[in-house]
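Below: the structure, in structure tokens.
No lab work stands behind these numbers, since they all come straight from the coordinates. Given the structure is predicted, the values throughout are model-derived calculations rather than measurements. Ideal geometry is used to build each Cβ from the backbone, glycine not excepted, and the neighbour counts take in all protein chains shown.
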Amino acid sequence: MPASPVVPGPHSLRGLAHPLRVRILGLLREHGASTATRLAGRLGESSGATSYHLRQLAAYGFVEDVPGRGVRRERWWRVASRSSAPVAAGAENYLRSVAVADFQRLQDFLGAAADLPPEWQTGVAIRNVALRLTPAQAGELLSRIGAVLTDYPVDDDPDLAVPGSARVVFQWQAFPLPARSATSPPPDQQTRNEPRGDR
């Protein structure tokens, strides 16, 4: 059962005030669960620094312990939710960092797509669809997608992976388009296209 989605509000967003925490959260989203020592190696930081910032992220609800993983005092951490955080006041910088990481992940895949084994062809989708929904319908749709995802194993422990499986990331975004349609000409073009009266 995945953890409840993190809803960044004015209080929880303080947990991302330090840029290193945003980078740590990005690595956990990208590569799955990790320890402070492993993250320190990737980031070129001390394990003491990453350990401290992981505890801060946990205090604000962004990360959590991986139950039953690790030996002795080794502590594994994972993102507290697989869901994208809803828009909240003051959350723009956080959401932009998530969007940039998602875009880079897609770019990395496209750079290696030519080497994708044939059996994976039907397991890849890069597309979008424009719907006309009420806010309630959009929320319901996201809930239904989240419910479907709970039927599949979370990428927490590579040692428990099914033979033939691979790490798969499921990315999606849902947001209302701006009032002016993307197919509408810009205002200056609209002016040029309007019939002109006598001068």
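Rounded to the nearest 0.05, what FRET efficiency do Arg96 and Tyr152 have when you use their Cβ-Cβ distance and R0 = 30 Å?
On the way: r = 28 Å, r/R0 = 0.93.
With a Förster radius of 30 Å, E is 0.60.
Per-residue extension of 0.36 nm, minus the Cα-Cα distance of His18 and Arg73, leaves a gain of 17.2 nm for this segment. In plain terms, if you count all Cα to Cα distances in segment 21-62 and split them into 10 Å steps from zero, the share in each step is 32, 63, 5 percent.
A simple count of charges around Ala49, restricted to other residues whose Cβ falls under 12 Å of its Cβ and scoring Lys, Arg +1 and Asp, Glu -1, yields +2.
Between Gln137 and Arg42, the distance separating the two model label sites (each 7 Å from Cα on the Cα→Cβ line) works out to 3.9 nm.
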